[in-house]
Amino acid sequence: MTSKGISNGQKILIVDDEHMSDLMRSVLRRLETDGFRPIVVAPEGPHVGGDDYEAQTLFAMEEERPAAVLLDVRFGEYDTDRFKGLSILKKIVERDSSMPVLMFTQYAQGPYRDTAVMASLGASSSVDFIDKLASPEEVVLRLRRLIGTAPETIRIGSLFEIDAENAAVYVIEDGKRDLIREMQGMKLEILSELAAAYFRSEGELVPFSRLERFSEGDDSRASLRVRIRELKVSLGNAVSRDFGATELIINIRNRGYRLVPPVE
Amino acid sequence: MNYGIDRTTAAIWIKFLNNRLLKYLRNGGAVLAAIGLVLVLLSPVIGEPISPGSLWWIEPVAYIGAGVFFLGAIAAFVSVQLASRRQEQNGGDRSWSRVTQDYFDTFAHDMGRPLRRILGKQREVRALLGETGEATPRMVTELLDEIEQQAPNFRLMIENVRVLVDLEDEHARPAVEPVDAAAVIRNIADRYLPIARERDLELVWWCEPAEFGLVYGDASALDHVVTNLVDNATKFAAEQIEIRLTRNDSHFLIRVWDDGLGIAESHLVHVFDRGWTPELSARREKQSSGLGLYIASSLSERCGGDLLVESKQSTGGDLNEHHAAFTLSLPLDNRPTAAR
């Protein structure tokens, strides 16, 4: 997996009584790798119950000001705590209705989505559900989308970086950034479009219809093909490489183009 | 307890008599019974005074009163019985489904426990191997990937059973909520991307228009139907899977396309049958439960939509000309007209 963007040490509050499990450890590790700062809520005491988690979560929200909360639905084995996460969710949203909360649950699609708690949430609250068995990559992806901040820069593999705000593309060598001067105008716009789709979701393709404005003449596909070729040559020159048909920007049979991070 | 109305007869009557009719019958019966009772009670007054010679005079009123009373009482009694039987039947169904769901959730949670442990350990092993700084042998990575891939399988299996229970409940209605359809598809693509990569498949998705906007429907049903279609595609694709989200004036359409060998024309009518798998027609051992497409089709129907299949098998000439495509169409706005 490639790192996309830098999370600038955003704090993520982890509220799960199984935070010591291997499964959660893999999520914590992934968050750290991606530049987040996970803060685990872990009440201490001989008989820790759902209420203790609730109290400490609300305290930590004030204290740490996290960018998002990762919250489990089920706490402990007691029936009273079975859906404690939902009541914690309600409290969180009451305090800060804009707080992004990713519910860690096996009930992602189950009937409990329709509980009164969910119904009471306003349309503005950003709450999403993810299965506990989801891969750590999926968890981080969903969290990132929930937080919703567009990245200032999008990294493509470890070779390039696109700075959308300053309309610049850099090549990265030994940790240093060098501006690729050739990359401007239409080439930059095409690359930005492809990079934005890639950032949203790795499998997202940019259909021809969305790229047609960059083409000219009767045969828009052919014209686009030429532009993409030029784009790949410019990027290739910067790293002294020749990107083939199945590298960097690939044509998906009669559908559109897709960005794939280059292999080093 | 059986109050003399035999079960099948009751069931037939319940079907024919709606609640309002039962209410009229009950009230009418009660009124008749009351009139009858009054007649019986008043018969000494209305009729001639009792005397050995003219007993006949009092009897018609008493007889008629008693007849009316019994007729009314029977009508009221039967209607009350039918009404309670009907309620029992409805309530019974609902609670059966509810109780099953509750049991099932506990069961799924408990069954998931060992899987979560195995998955956790596998990820731990991966991390430890990564920390050594040495390249992990390919075989080991493949084994770990294999374990990792069981997670989505398990998730889908559990969800399929849950939806199956839910589909049995005639009274359950699909939820109607604002749904970001593109986000639902994106999440599914993210979930299946590692699996596709592992099988050397390219999975791509896109939506047109780019800003797709909200639709009104059942998010979990949408997620579930498309997940089943994508899961199916990963089993049969040769190199490529495409998910496309588009819309027209009234519906949004999700097409899941794969470049697999396709489905024979004679089999197309069976793909949505419960328990049907391609192995079945080839008399081979079944590789899957054959529930996925059946559930996808039933669930889309319940949501007011449609699931269609289209396929082409290669005719020998052009080997690349084969594919299978499932197109799900759902109303853009599934809210009742009054709520719009």
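The values are calculated or read from the model by the stated rules, or taken from the named source; none is laboratory data. On a predicted model such as this, the values are computed, not experimentally measured, just so you know. A quick note on method: Cβ atoms are made from the backbone with ideal geometry, for glycine too, and the neighbour counts reach across all protein chains shown. For accessibility, only protein heavy atoms count, side chains too; no ligands or nucleic acids. Shrake-Rupley method; radii C 1.70, N 1.55, O 1.52, S 1.80 Å.
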Gyration tensor (Cα only) of chain A to equivalent ellipsoid, semi-axes in Å sorted down, yields 43, 19, 15
Just in region B:168-249: which GluC sites (Glu not before Pro) are loop by DSSP and have at most 11 other Cβ atoms within 10 Å? B:170, B:211
Tell me the carbon and sulfur percent of the accessible area for chain A, rounded to whole percent, probe radius 1.4 Å. 47 percent
Which cross-chain or sequence-distant (5 or more) residues have an amide H under 5 Å from the amide H of residue A:160, H modelled 1.01 Å from N in plane? A:172
DSSP beta bridges in chain A: the antiparallel percent, rounded to 5, is 50 percent
Reduction of at least 50 Å² in accessible surface, 1.4 Å probe, comparing all protein chains with the chain by itself, residues of region B:101-123: B:105, B:109, B:116, B:123
Compute the helix-to-body angle for A:185-200: its Cα long axis versus the longest principal axis of chain A, expressed 0 to 90° and rounded to tens. 30 degrees
Determine the calculated [θ] at 222 nm for chain A from helices alone, applying -39500 (n - 2.57) to every DSSP H run no shorter than 4 residues and normalising by the residue count; nearest 500 deg cm²/dmol. -11000 deg cm²/dmol
Tell me: how much accessible area in total is hidden between A and B, 1.4 Å probe, Å², nearest 100? 3900 Å²
Note down the nm distance, to one decimal, between modelled labels 7 Å out along Cα→Cβ at residue B:136 and at residue A:174. 3.2 nm
Taking H as built 1.01 Å from N, whose amide H comes closer than 5 Å to the amide H of residue A:205, not counting residues under 5 places away? B:205, B:206
Drop in accessible area of at least 10 Å² in the complex versus isolated chain, residues of region A:49-75, 1.4 Å probe: A:74
Shielding of B:176-188 by partners, i.e. mean partner chain Cβ atoms within 10 Å per residue? 3
FRET E, pair residue A:44, residue B:87, Förster distance 56 Å, beta-carbon r, rounded to 0.05: 0.60
Students often get this wrong, so check it: of A:132/B:121; A:84/A:132; B:121/B:235; B:235/B:312; A:187/A:232, which have C-alpha atoms separated by over 21 Å? B:121/B:235
Could you tell me whether region A:197-248 comes out rounded, prolate or oblate from its Cα gyration tensor? Rule is a ≥ b ≥ c as square roots of the eigenvalues, rounded for a/c under 1.5, then prolate if a/b exceeds b/c, otherwise oblate. oblate
Can you work out the accessible area per residue across region A:132-201, with the rest of the protein chains kept in place, probe 1.4 Å, in square angstrom? 45 Å²
1.4 Å probe, heavy atoms, protein only - residues of region A:20-38 losing at least 10 Å² accessible area vs chain alone: A:22, A:23, A:25, A:26, A:29
Charge dipole magnitude, Cβ of K and R +1, D and E -1 - region B:146-265, Cα centre, debye nearest 20: 100 debye
Using modelled amide H (1.01 Å from N, peptide plane; none on Pro or chain starts), what sits under 5 Å from the amide H of residue A:180, excluding residues fewer than 5 places away? A:169, A:170, A:171
